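In what follows, a structure is listed as structure tokens, so that the remarks can point back to it.
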Amino acid sequence: MSRQLVIEYANPQALDNTYTLSFKIRSHSVAQRWAHKVSIATKKYPIDNPDRFFCFGSREQQIFSALMKINETIDIINKFDPIVTRKLTDVNDQDTLNYLHHIFEVYHGLLGQQTHELWQRAPDTVRRALADLNIQVHECECISRIVENKPSHIVTWYGLPKIDTLRDDEYKIFDEQSNFGTVYLLYTEIGKTLEDLSIDDDHYIHESAFRPFRHYSADFHVKFYSDDSRQIEEKRAIIKEYYNKNQEFFIKQGLPWGHPYLSWGLIPLADLEIIPKDLLEIITTRQWVKSVNIL
């Protein structure tokens, strides 16, 4: 049984300036299978974008950085083929964020469906830009939807195949509450869940891009904040209202209310063993994942 996840954080300008955190891996089946995947990923693939940290620093810094990154990504794509007709000037512009996510879905393709002719002829730099567009849309959404900082970071291994799925009985592990210092399984589908659709009010997405959380990989999300109970109640009401308005669509998919594939929240995998009082300050100066290990 895997017992510990160990993450080494570094200053991107001084990679020898590190700080290590240890997380106790939970004993449930998903956590243990995930840990096995992480041990494989760390031996075979580099970490994608080790600096994928969200909501650290001032709000002004976050907005400036997020807008710069997403518009640079659009420029990379359009230099190859001018398919993106909008730039993002405001992280609160959800309509443009939905549009950009739709660009990602169409030209990148859904999970295991990279068949669009542009994808086929695109060089690796453009393929990576299309993949980055998805991450950067979610970063902008993260910034726009919070009043107070909710710092977190994501670790992914793009090259690791996403071929395994959750069992129906494992959806009961989903937790609506995010907790400080907990590691969560990352959504690896390409598309949107019921939760995403409810919150985004997306008018661009194709019906085929509704994708329940089924596939999983080694990818994970570390939260350095805890959710407010009032916000959870509000989100629960929004999700139920959206389902009721679109019930015919979901019933056609064989998904009555309460079906496991409509579960929302995240699956907790591991918990920080010791929380230093100045942890956020420590991570703020070390926003680079130097290494990940399973013990």
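The values are calculated or read from the model by the stated rules, or taken from the named source; none is laboratory data. The structure presented is a predicted model; accordingly, all values stated were derived computationally and were not measured. Glycine also receives a Cβ, built like all others from the backbone with ideal geometry; neighbour counts cover every protein chain displayed.
Checking Asp201 against (1) loosely packed, with under 15 Cβ neighbours inside 10 Å; (2) touching an Asp or Glu at 6+ places or on another chain (Cβ under 6 Å); (3) on the phi > 0 side of the Ramachandran plot, which test does it fail?
(2)
Matching residues to (1) of a type in the set (Ser, Thr, Tyr); (2) in a helix (DSSP H, G or I); (3) under 14 Å from the mean Cα position of the chain (by Cα):
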{"residue": "Tyr158", "(1), (2), (3)": "yes, no, yes"}
{"residue": "Lys162", "(1), (2), (3)": "no, no, no"}
{"residue": "Val183", "(1), (2), (3)": "no, no, yes"}
{"residue": "Ser198", "(1), (2), (3)": "yes, yes, no"}
{"residue": "Phe213", "(1), (2), (3)": "no, no, yes"}
{"residue": "His221", "(1), (2), (3)": "no, no, yes"}
{"residue": "Tyr225", "(1), (2), (3)": "yes, no, no"}
{"residue": "Arg230", "(1), (2), (3)": "no, yes, no"}
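What's the number of the condition His138 fails, among (1) touching a residue at least 24 places away in the same chain (Cβ under 8 Å); (2) closer than 30 Å to Ile282 by Cβ?
(1)
Mind listing just one residue for me: the one in the range 267-279 that is touching a residue at least 60 places away in the same chain (Cβ under 8 Å) and surrounded by fewer than 16 Cβ atoms within 10 Å (Cβ to Cβ) and, of those, nearest to Ser22 (Cα to Cα)?
Filtering the range 267-279 for residues that are touching a residue at least 60 places away in the same chain (Cβ under 8 Å) and surrounded by fewer than 16 Cβ atoms within 10 Å (Cβ to Cβ), the one nearest to Ser22 (Cα to Cα) comes out as Glu273.
List every residue pair whose Cβ atoms sit under 6 Å apart, with the two residues 6 or more apart in sequence or on different chains, where the first one lies in the range 17-42 and is under 27 Å from Leu280 (Cα atoms) and the second, anywhere, is part of a helix (DSSP H, G or I).
Tyr19/Ile282; Ile25/Ala31; Ile25/Ala35
Condition check ((1) assigned by TED's automatic domain parsing to the domain that holds Gln231; (2) without any contact (Cβ under 8 Å) to a residue 40 or more places away in the chain; (3) surrounded by fewer than 16 Cβ atoms within 10 Å (Cβ to Cβ); (4) in contact with a helix residue (DSSP H, G or I) (Cβ under 7 Å, 6 or more places away or on another chain)) across all residues:
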residue	(1), (2), (3), (4)
Ala122	no, no, no, yes
Leu130	no, no, no, yes
Leu160	yes, no, no, yes
Asn179	yes, no, yes, no
Leu186	yes, yes, no, no
Thr193	yes, no, no, no
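Give the residue, chosen from Ile205, Ile190, Ile173, that is within 15 Å of the chain's Cα centre (by Cα) and of a type in the set (A, V, I, L, M, F, W, C). Even if it seems obvious, please write down each step before you answer.
Values: Ile205 fails: within 15 Å of the chain's Cα centre (by Cα); Ile173 fails: within 15 Å of the chain's Cα centre (by Cα).
That would be Ile190, the only listed residue that is within 15 Å of the chain's Cα centre (by Cα) and of a type in the set (A, V, I, L, M, F, W, C).
So Pro50 clears everything in (1) in a helix (DSSP H, G or I); (2) within 21 Å of the chain's Cα centre (by Cα); (3) outside the structural domain of Ala131 (by TED's automatic domain parsing) except one condition, right? Which one?
For Pro50, the failing item is (1).
Inside the range 97-124, can you point out the residues that are among the polar types (S, T, N, Q), under 21 Å from the mean Cα position of the chain (by Cα) and either modelled with pLDDT of 95 or more or in a loop (DSSP other than H, G, I, E, B) (or both)?
Narrowing the range 97-124 to residues among the polar types (S, T, N, Q): 98, 113-115, 120.
With the extra rule that they be under 21 Å from the mean Cα position of the chain (by Cα), the set shrinks to 98, 113-114.
Matches in the range 97-124: Gln113, Gln114.
Output the number of residues of the range 165-179 satisfying the condition of being over 20 Å from Val222 (Cα atoms), in contact with a strand residue (DSSP E or B) (Cβ under 6 Å, 6 or more places away or on another chain) and of a type in the set (D, E, K, R).
The qualifying residues number 0.
Please find, among Met1, Met68, the residue that is surrounded by fewer than 16 Cβ atoms within 10 Å (Cβ to Cβ) and more than 22 Å from Asn149 (Cα to Cα). Spell out the reasoning first.
Details: Met68 fails: more than 22 Å from Asn149 (Cα to Cα).
That would be Met1, the only listed residue that is surrounded by fewer than 16 Cβ atoms within 10 Å (Cβ to Cβ) and more than 22 Å from Asn149 (Cα to Cα).
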